Every structure is written in C-alpha cells, then in structure tokens.
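All remarks here apply to the structure that follows.
The values are calculated or read from the model by the stated rules, or taken from the named source; none is laboratory data. Only a predicted model underlies this, so the values are computations on that prediction, with no experimental measurement involved. All Cβ positions, glycine included, derive from the backbone under ideal geometry; neighbour counts span all protein chains shown.
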C-alpha cells in the first residue's frame, strides 16, 4: 500500500529550478531514503512533504490526501499522523527534554498532565534515554542525546510516518550505528513508515529498503540498492563506488 506519492513535482525559487518533474512512491512499512548530491533538493522535498513549504507545481499525496489542495483543518489533522526529526534535533533551548517531548501532546490533545507525564516517560525509554535525562536542557546533553530526544518528541503522538533529516549527521560511528539500530527496532515495534534524507553510506546500506536518487533536478534512480551501481549516473557511480 502506497502512503506517499509524488507526481510531477516542480520546485523553483525565482529562476532557479531545484526539482523538474519528480515522481516517486513510498510504501507502507518501508524505510525509504532520499539521496543525492548537495544542493539537489533532498531536504526541500522533505519540507514539502511535511507542509513546511509548497512545491511550484505537481502534487504530493500523503495518506490519501493531496496536500496541495487540503483545507487547513484537514492539514492540522494530517500533521498528527507524522513525526519529524530535524537535522540537529530542533529542540527548544528554554525547555528541558521532558517539556520538549510533551509539547505536541499539550498542543494537540486534551490529556491530563499525569497522562502526558506517563507518555513522556514511555517515549524516553523507547529511544533509550534514562528517566534522569528528562530534566536536562538541550545545552546540557550530547549530540546523540539531542537526536534521541528529538526522536522521542517526533514519536509523541504515535505517528504512522516518521521523517528524518540527516539523522546520523554529526554523530561518531558508534553512535550512528546505534541510532540506525534504533530506527530499525522502532520500525519493527511500531509499524512505522520512515522517510530519511541521508548521505551516510553506512546508514544507507544498514537501514534503507528503497531509495530515490535526486540528481540534475530529476529522479535518477528509484528502487533497491541491489542494482544501483549499474545505473548510468556520475553521482551514483562516485558515491557508491566505496561499497561497489
């Protein structure tokens, strides 16, 4: 079952065209990677999927909704169906970890404070953080802990979809490997569909089921990694040569 379908998406900033007719589809339950050279528009497409910006033309259908034509009330409801982990965690510096995780629950639900506290404790444990970490502020924790806290917040509303922007960027190899394992476990435990922007070759091979390569404003390749090195693309040949 397709959860996301991108059709003929064009993105332009003035005279600069970033996407020139992108087409891809993301299936339920898979971990799907958006790859490509720097500046190709990977994060831009991710931002369009989560309705942080609009494409110039074309359509993006998520969970049966065309987000280019969606009403604001329906858009608000749809946003509850996904979680987003931004590249550097995007935690609010004035809030501690528990307060950051609780924020969407306070914003979108009428749950009691006791229930919110219980959910926060559960999500902390789910991503491998200790109860004692909950009172720490973003300035007091490591990069890896920020990623986990941001992930816990992204999971606060029990989403169907999880969007990750460079989730292992800035992490040492051991922390990156642990984070990849965490994503795989969460996908299995929670039945998540994951869309990930990454350039981490190890993560790509360890976690992704299928990929879309954005190159020269188009989708240069979509599919599994099995046959990717046979594709005639300078970026693909260069980027994947280490693993080939």
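A compact table of results
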quantity: Search result, residues across segment 30-49 that are in a helix (DSSP H, G or I) and touching a residue at least 24 places away in the same chain (Cβ under 8 Å); calculated: 42, 43, 44, 45, 46, 48, 49
quantity: Test result for residue 201, within 28 Å of residue 108 (Cα to Cα) and touching a residue at least 24 places away in the same chain (Cβ under 8 Å); calculated: no
quantity: Flag for residue 52 being closer than 24 Å to residue 183 by Cβ, part of a loop (DSSP other than H, G, I, E, B), modelled with pLDDT under 95 and out of contact with any helix residue (DSSP H, G or I) (no Cβ under 6 Å at 6 or more places or on another chain); calculated: yes
quantity: Filter result (in a loop (DSSP other than H, G, I, E, B), without any contact (Cβ under 8 Å) to a residue 12 or more places away in the chain and closer than 18 Å to residue 170 by Cβ) within segment 107-158; calculated: 142
quantity: Segment 204-218 - residue that is touching a helix residue (DSSP H, G or I) at 6+ places or on another chain (Cβ under 6 Å) and more than 15 Å from residue 36 (Cβ to Cβ) and, of those, modelled with the lowest pLDDT; calculated: 206
quantity: Index of the failed condition, residue 154 passing every other in (1) closer than 27 Å to residue 45 by Cα; (2) touching a helix residue (DSSP H, G or I) at 6+ places or on another chain (Cβ under 7 Å); (3) surrounded by 17 or more Cβ atoms within 10 Å (Cβ to Cβ); calculated: (2)
